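The numbers here are math on the coordinates, done by the rules we state, and not lab data. From a predicted model like this one, the values you see are computed outputs, not experimental measurements.
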């Protein structure tokens, strides 16, 4: 999709030989794609628990970085319910100290 954003003004997506949608790349990415970014800071000895938390939300999460207790993950937008994230964070707070967390939409 990154190449299409730079090379195309209009893009069509085919699935099984049938045209499914047409639009400019930015519009299509906003409508059908994109991802969320979830960042959580804990003490370094709880990093595995944060990974497990994210893994339970979606097995398709990708860790973007990890530095001294802060971990950042990219999660596919179509696989996540925001309410589930809030519930998971609240449950995590009862098991270990969550110093900070951030939920962002990335397009």
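Using helices alone, I'd like the mean residue ellipticity at 222 nm for the chain: each DSSP H run of four-plus residues gives -39500 (n - 2.57), total over residue count, nearest 500.
Rounded to the nearest 500, the figure is -10500 deg cm²/dmol.
Can you give me the angle between helix 82-95 and the longest principal axis of the chain, using Cα atoms only, in degrees from 0 to 90, rounded to the nearest 10?
Around 20 degrees separate the two axes.
What span do the alpha-carbon atoms of the stretch 1-94 cover on each of the three principal axes, reported in whole Å from largest to smallest?
Result for the stretch 1-94: principal-axis Cα extents of 48, 24, 20 Å.
Using only the Cα atoms of the stretch 48-107, build the gyration tensor, take square roots of its eigenvalues as a ≥ b ≥ c, and label the shape rounded, prolate or oblate: rounded if a/c is under 1.5, else prolate if a/b is larger than b/c, else oblate.
Cα axes put the stretch 48-107 in the oblate bin.
For helix 47-57, report the angle its Cα long axis makes with the longest principal axis of the Cα atoms of the chain; keep it between 0 and 90° and round to the nearest 10°.
Long axis of 47-57 versus the principal axis of the chain: about 40 degrees.
Taking the chain as a Gaussian network, Cα atoms linked when under 10 Å apart, which of 38, 96, 14 shows the biggest mean-square fluctuation?
Sorting by GNM fluctuation, first place goes to 14.
Springs between alpha-carbon atoms under 10 Å, Gaussian network over the chain: tell me which of 69, 33, 17 tops the mean-square fluctuations.
Comparing 69, 33, 17 in the GNM, the peak value goes to 17.
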